[in-house]
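First up is the structure itself, then whatever we jot down about it.
Values quoted throughout were computed directly from the atomic coordinates according to the rules given, and no laboratory measurement underlies them. Source: prediction; values computed, not measured. Don't worry about glycine lacking a Cβ; one is built from the backbone with ideal geometry, like all the others, and counts go over all protein chains shown.
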Ligand code: ARG
């Protein structure tokens, strides 16, 4: 029985997504498989990947450079939202999924496909993000996930591919499961599955070990316009270039490593290692600039929004009406978040040491303890009396 006629497959060039091609055709009766590989700044050479899909039996092999879309429309809104899942993970992998889903749906519509396929297993978050996003963008498309159903071990998968001319990995494949894009790396599996084991140095590619970082601090200035990073040290940079440059500067000082036990949507706790230099420092700096330019009540209310927003991104709800409504709130708050933040990078730390803005709400004359003080100290007396009144009344009634 055929599951679909024409399928667009999310393709990475790895063994699993390559094996999906003959599997869809021979086991599930699919007539035609079109692959789509998205360039999100992961640094892979895409021409060999394009050719490999064709050699593995794809009728068409699409490669789409979506790096700019990724940074502008997925990473920047996340920075404006200070979106850290469980207060730590800047969602580098999670943000890429709704964008890839959008590209897959667009290709399916263009080529008249009746289904979309991906290589995710049933244990992860990515299957959720793909399936829910595809369903939101085009509910008519079927979704096929061969790796969620086939019961092949790693060796069996490789052997299956070899029958159809898919070469087994040349070098002994990495013991880790890695997802990479311009925002960073997510590293799982192998020895990392023991939460007590320190990650070996060879898992890190974007950040230096503290032992190797410069012995003198480096200061950088990051300029924001309405919550979006636009300059580094006064130089205006396009979105992709800005992230790329910042990854290098920051990674050189060993900043951007995360080692955490994370709660997946599917109920599993997993040990995750991330390397996300630029986006972590940008969120840190952005949040600091908000403390200068937003009122206390907006800032505090926004923290709650940010928590929900981060969970929604993690849990695959990018294309959801609540997410859109939260976006409207966040965008309104960002109008005044323009200014510059000075960051000191040293031995794994990114410390904010200065901030300035034409929209600053900080008033020297109110804050100073010096002679220029304009705060009306006398007015505080009545305020404190009224503020403390309910507590005083309660005490009079209840204290022995
Ligand atoms: N746990 C992270 C997330 O859900 C990253 C998963 C990335 N996948 C991988 N094969 N390392 O966003």
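Worth a mention:
- The range 53-88, subset in contact (Cβ under 8 Å) with a residue 60 or more places away in the chain and more than 26 Å from residue 238 (Cα to Cα), residue nearest to the ligand (Cβ to nearest atom): 85
- Candidates are the residues of the range 284-299 that are touching a residue at least 60 places away in the same chain (Cβ under 8 Å) and more than 20 Å from residue 353 (Cβ to Cβ); the one that is farthest from the ligand (Cβ to nearest atom) is 295.
- Every residue from the range 307-344 that is within 16 Å of the ligand (Cβ to nearest atom) and buried (at least 17 other Cβ atoms within 10 Å of the Cβ): 309, 310, 312, 313, 314, 315, 316, 317, 318
- Subset of the range 342-374 [under 23 Å from residue 226 (Cβ atoms), in contact with a strand residue (DSSP E or B) (Cβ under 8 Å, 6 or more places away or on another chain), touching a residue at least 40 places away in the same chain (Cβ under 8 Å) and not in a strand (DSSP E or B)]: 357, 359, 360
- Residue satisfying all of: in the range 158-199; over 29 Å from residue 76 (Cα atoms), within 16 Å of the ligand (Cβ to nearest atom) and assigned to a loop (DSSP other than H, G, I, E, B); nearest to the chain's Cα centre (by Cα) among these: 189
- Flag for residue 91 being buried (at least 20 other Cβ atoms within 10 Å of the Cβ), on the phi > 0 side of the Ramachandran plot and touching a residue at least 40 places away in the same chain (Cβ under 8 Å): yes
- Index of the failed condition, residue 233 passing every other in (1) within 14 Å of the ligand (Cβ to nearest atom); (2) free of Cβ contacts under 8 Å to residues at least 40 places away in the same chain: (1)
- Picking from residues in the range 97-126 that are surrounded by 24 or more Cβ atoms within 10 Å (Cβ to Cβ) and away from the ligand (no atom under 16 Å from the Cβ), the one that is farthest from the chain's Cα centre (by Cα) is 113.
- Evaluation of residue 337 against (1) outside any loop (DSSP other than H, G, I, E, B); (2) over 19 Å from the mean Cα position of the chain (by Cα) (one fails), failing number: (1)
- Candidates 266, 255, 281: the one that is in a loop (DSSP other than H, G, I, E, B), under 20 Å from residue 310 (Cα atoms) and in contact (Cβ under 8 Å) with a residue 24 or more places away in the chain is 266.
- The number of residues in the range 29-49 that are crowded, with 19+ Cβ neighbours inside 10 Å, over 22 Å from the mean Cα position of the chain (by Cα) and either touching a residue at least 40 places away in the same chain (Cβ under 8 Å) or assigned to a helix (DSSP H, G or I) (or both) comes to 4.
- Test for residue 323: is it under 15 Å from residue 95 (Cβ atoms) and part of a helix (DSSP H, G or I): yes
- Cβ pairs under 6 Å, 6+ apart, first in the range 301-327 and farther than 15 Å from residue 80 by Cβ, second more than 15 Å from the ligand (Cβ to nearest atom): 317/323; 319/136
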